[in-house]
Amino acid sequence: MLKLPGDFNPFTIVLLVFEWLCFIYLIRQKEKRNFFLWIIFIFGWVKQLIFLSQKSMFDWYYWVPQILLFVPVLLFVLEQKLKRNLWLTLLIIFYSIPMLAFQTVHAIATGNGEWNYRRTIGLFLNSYEKDKNQWIFLEPAGYVPYFSGLKTIDEVGLVDKKVQDEIRKDKKNFWINTIKNRKPKYLLSYDDLFKSENAEYIKLHYKLIKEFRVKDHLRSNHFILQKIYILKPSGSDYNLYERID
């Protein structure tokens, strides 16, 4: 999906509508290839809807379905018998070039968010905690736990099956139940846990040791990179807590 700064992105809506129009135009021709078009289109939409229903908003989850949904657009343009070159030119100018430009900006911004931001959180933990047998409980099982060297419990259970067991037993309270049962030394959260519904327990057993903010990692000596980082900041603010008992 094409993401831009802000909560609402009209470009994604426009692209999806255009994909639907191309698909409808093609299947009305009743060609043999329609069977495969239906399979591709249905698969692309089902996969997207599954991810959306689970609130999985990572960009790379949508790359495959978006490529599949682009097939009707490409066929529509290539099968034009009149003014095909005009259609190809319009596709390149209004579709391909903007997508390439966006992907370039997105890749640079994401690289900064991962390498210059999340990696620094992991490096901080690596130097702060010398006992690498300690556990950290957090949502993203990626750069942070890797560079910290700590044992990891992730909130979705990708690297720890016990979390999946807690979710199956009590989905609503699995997070606090995992903390009570496993007692991880560190918690890394997007939220201010001292103001959460479990604030009483967190205040009793944890202390805030550091705040990490995206805005502090948007600087570059290169003018263009600086503008890209500010235009599309990548990452989330984090709060790091340490167990005190």
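Close amide H contacts of Asp160 (hydrogens built in the peptide plane, cut-off under 5 Å, sequence separation of 5 or more or a different chain): Asp154. Checking every one of the trypsin sites (Lys or Arg not before Pro) in region 141-245 against DSSP loop status and a limit of 13 other Cβ atoms within 10 Å picks out Lys171, Lys172, Arg213, Arg219.
Sequence-ordered 3J(HN,Hα) estimates for region 230-242 from the Karplus curve with 6.51, -1.76 and 1.60 and θ = phi - 60° stand at 6, 4, 9, x, 10, x, 10, 6, 10, 10, 10, 10, 10 Hz, glycine and proline given as x. Here's the picture: a label point sits 7 Å out from the Cα of Phe35 along the beta-carbon direction, and within region 64-82 nothing has its amide nitrogen under 16 Å of it. Shown is the FRET efficiency for Ile176 and Trp63, computed with R0 = 41 Å from the Cβ-Cβ distance and rounded to the nearest 0.05: 0.75.
Along the chain, counting only chymotrypsin sites (Phe, Trp or Tyr not before Pro) with a DSSP assignment other than H, G, I, E or B and at most 10 other Cβ atoms inside a 10 Å radius, the longest segment between sites is 59-245.
For region 68-166, what class follows from the C-alpha gyration tensor (a ≥ b ≥ c being the square roots of its eigenvalues): rounded when a/c is under 1.5, otherwise prolate if a/b is larger than b/c, else oblate? The shape class here is oblate. From helices alone, the chain scores -16000 deg cm²/dmol at 222 nm; the rule is -39500 (n - 2.57) for each run of n ≥ 4 DSSP H residues, then divide by the residue total.
Let a ≥ b ≥ c be the square roots of the eigenvalues of the Cα gyration tensor of the chain; is it rounded (a/c under 1.5), or, if not, prolate (a/b larger than b/c) or oblate? In terms of gyration-tensor shape, prolate.
Once the Cα atoms of helix 119-128 and of the chain are each reduced to a long axis, what angle between those two axes, in degrees from 0 to 90 to the nearest 10, is obtained? So the helix axis and the longest Cα principal axis differ by about 10 degrees.
Here the calculated FRET efficiency for Leu100 and Ile244, from their Cβ-Cβ distance with R0 = 51 Å, stands at 0.50, rounded to the nearest 0.05. Measuring r between the beta carbons of Ser220 and Val46 and using R0 = 41 Å, the FRET efficiency lands at 0.50. Below 8 Å between Cα atoms, with a sequence gap of 6+, how large is the relative contact order for the chain in percent? Normalised by residue count, the contact order of the chain is 16 percent.
Note on the chain: antiparallel DSSP beta bridges, both residues inside, total approximately 60 percent of the bridges counted.
For region 172-245, go through all pairs of different Cα atoms, get the mean of 1/r, take its inverse, and jot down that Kirkwood value in Å. So the Kirkwood estimate lands at 14.2 Å.
Each reported figure results from applying straightforward, stated rules to the coordinates on display, with no laboratory input. What you see is a predicted model; the values in this text were computed from it and never measured. All Cβ positions, even for glycine, are placed from backbone atoms using ideal geometry, and neighbour counts span all protein chains on display.
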